[in-house]
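Each value in this text was obtained by applying a stated rule to the coordinates, not by laboratory testing. Nothing here was measured: the structure is a model prediction, and the numbers come from that model. Cβ atoms come from the backbone with ideal geometry, glycine included; neighbour counts cover every protein chain shown.
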Amino acid sequence: AQERAASDLLSGRFAVVMDTAAAAPRLTLTRSDGTRLIFGGTPTATTRYGGPGQTLLIEVAADTVPCVSDPTRRCLQIREQTQAGQPATHDWQPFEGTIEGFEHEDGIRNLLRVTRDPAGTDPNAKQVYVLDQMIEASS
């Protein structure tokens, strides 16, 4: 029944309006009988941060460590990987930021493909990490 209703709703000719001026794009389809369908978009990281960013492979250690800036908080430990999946460095680095779209689970080591973007136009702006794909998870 839902498929039939969707098919009926999407049949016919539409006037199409794409609004990209707002922070979130919006597509409006208007049928000749006045029925409107509105679809809201979500800006990608490329749109939010102004470029494609740098793609990296990073390994996230199974256990967290005290953060450098505030030892009462726990931070991830990460190390970059080469494209061949080998550690670029053997030393783990405490990571005080977050990885958008990634939730760390204690005891689970992860290999992630992420994009790293500057958080603004200021050269001293903090880097933003966005999960692209979880490649591996193991305990």
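Each 10 Å bin from zero up to the one holding the largest Cα-Cα distance in the stretch 2-43 carries the following percent of pairs: 28, 46, 25, 2. Taken along its three principal axes, the alpha carbon spread of the stretch 16-84 comes to 61, 34, 21 Å, from the longest extent down to the shortest. At q = 0.14, 0.22 Å⁻¹ the log10 of I(q)/I(0) for the chain amounts to -0.78, -1.34, computed by Debye summation with a single uniform scatterer per C-alpha, solvent ignored. With a Förster radius of 35 Å applied to the C-beta separation of Asp106 and Ala24, the computed FRET efficiency comes to 0.55. The share of C-alpha pairs in the stretch 88-130 whose separation exceeds 18 Å stands at 39 percent.
According to the square roots a ≥ b ≥ c of the eigenvalues of the Cα gyration tensor, what is the shape class of the stretch 58-139, taking rounded for a/c under 1.5, prolate for a/b larger than b/c otherwise, and oblate for the remainder? Oblate. Calculated FRET efficiency, Ala15 to Thr42, Cβ-Cβ distance, R0 = 25 Å: about 0.55 to the nearest 0.05.
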